[in-house]
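Data block below; observations after.
The values are calculated or read from the model by the stated rules, or taken from the named source; none is laboratory data. Predicted model only: the values in this text are computed from it and were never measured. Quick reminder, even Gly has a Cβ in these numbers, built from the backbone with ideal geometry, and neighbours come from all protein chains shown.
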Amino acid sequence: MDDLLSPSSSFVPPSPSSHFSTVGQQVLEFVSREIPEQWLFDDGTMSQNADRELSPTGRTLLRSAELSELPPSLPATLQCQTNRRGRKTGPRSDGRHSAVSHVQAERLRRDKLNRRFCDLRAAVPNVSRMDKASLLADAVAYIAELRSRVARLGDEANKELEQSSVAASKFVQVDEAVDVRMVGSDAAAVRVTTAASHAPARLMGALRSLELQVQHACVSRVQGVTLQDVVVDVPPSMQDADGLRSALLQTLQDSA
């Protein structure tokens, strides 16, 4: 035991052949190979070759350092090539959506027409049938009837206007008319019809000049003709109706 632990003693390990020979098994021999110098000194070359061998498409893979040295336009070019090969990223027109919009527009148009036909049916008093063609025919007939009625009413209005103008012309032709009627023994009703201007002032001036006191007066004007009704007190010297009329008419003519 001391001999084995002493430093001067040499320890020689048993050879593998001696062990394997004792048990009757085969001897394993390891063959030495030479290692290329580039494996020992150039790690970058080995990793680059490994990357080239591991590339699935047969093309050289670029490292991060080499990618950083690429020009800035290269990634955009690669992105454009990818977009061209794949699907378009922009908005696409949907045929189904356009078809739905056309159907909705047609539905709204039909609803609008139906509402218009309902309003037309409510406006026409007499409807023969409820279909659209009969309703349109009845509406046309009703409009023609309304037009004929309007024309007839216009003709009647024109005739009435002509008649009124003729009557006014007749009144205008009358220069001045005086009618006197006695009311009792001391009063008289005087009616003066004239187309002259300022007729009430002229009549009041004539009555004042004849010293006739006015009890009641009424003035109306119709289409340029002035109609005056006056009740005056008559003195005993002028209780004759004809004499009073002649004196009043003469005074009016003088004041014209």
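For region 224-238, name all the residues that are among the polar types (S, T, N, Q) and either touching a residue at least 12 places away in the same chain (Cβ under 8 Å) or in contact with a strand residue (DSSP E or B) (Cβ under 6 Å, 6 or more places away or on another chain) (or both).
Correct list: THR226, GLN228.
Looking at region 174-223, what strands (runs of 3 or more DSSP E) fall wholly within it and have at least 1 residues that are over 19 Å from ASP254 (Cβ atoms) and without any contact (Cβ under 8 Å) to a residue 12 or more places away in the chain? So that I can check it myself, show each step before the final result.
Working: elements: 176-182, 187-194, 213-222.
Fully inside region 174-223 and qualifying: 213-222.
Scan region 224-237 residue by residue and report those that are part of a loop (DSSP other than H, G, I, E, B) and crowded, with 20+ Cβ neighbours inside 10 Å.
Within region 224-237, just VAL234 meets the criteria.
Hey, does region 239-247 have a residue that's touching a Leu at 6+ places or on another chain (Cβ under 9 Å) and free of Cβ contacts under 8 Å to residues at least 40 places away in the same chain?
Yes, the conditions are met somewhere in region 239-247.
Hey, ALA122 hits all of (1) of a type in the set (A, V, I, L, M); (2) modelled with pLDDT under 75; (3) loosely packed, with under 10 Cβ neighbours inside 10 Å but one; which does it fall short on?
Condition not satisfied by ALA122: (2).
Considering each residue of region 182-199, count those that are under 11 Å from GLN228 (Cβ atoms) and surrounded by fewer than 15 Cβ atoms within 10 Å (Cβ to Cβ), and give that number.
Residues meeting the conditions: 1.
In the list GLU160, GLU106, GLU145, which residue meets the criterion of being within 30 Å of GLN228 (Cα to Cα), among the charged types (D, E, K, R) and at pLDDT 85 or above? Break it down into steps so the answer makes sense when it comes.
On the way: GLU106 fails: within 30 Å of GLN228 (Cα to Cα); GLU145 fails: within 30 Å of GLN228 (Cα to Cα).
Of GLU160, GLU106, GLU145, the one residue that is within 30 Å of GLN228 (Cα to Cα), among the charged types (D, E, K, R) and at pLDDT 85 or above is GLU160.
Give me the pairs, please: first residue somewhere in region 134-157 and among the hydroxyl-bearing types (Ser, Thr, Tyr), second residue anywhere and exposed (fewer than 12 other Cβ atoms within 10 Å of the Cβ), beta-carbon distance under 6 Å, and either six or more positions apart or on two chains.
Listed pairs, sorted by first residue: SER134/SER128.
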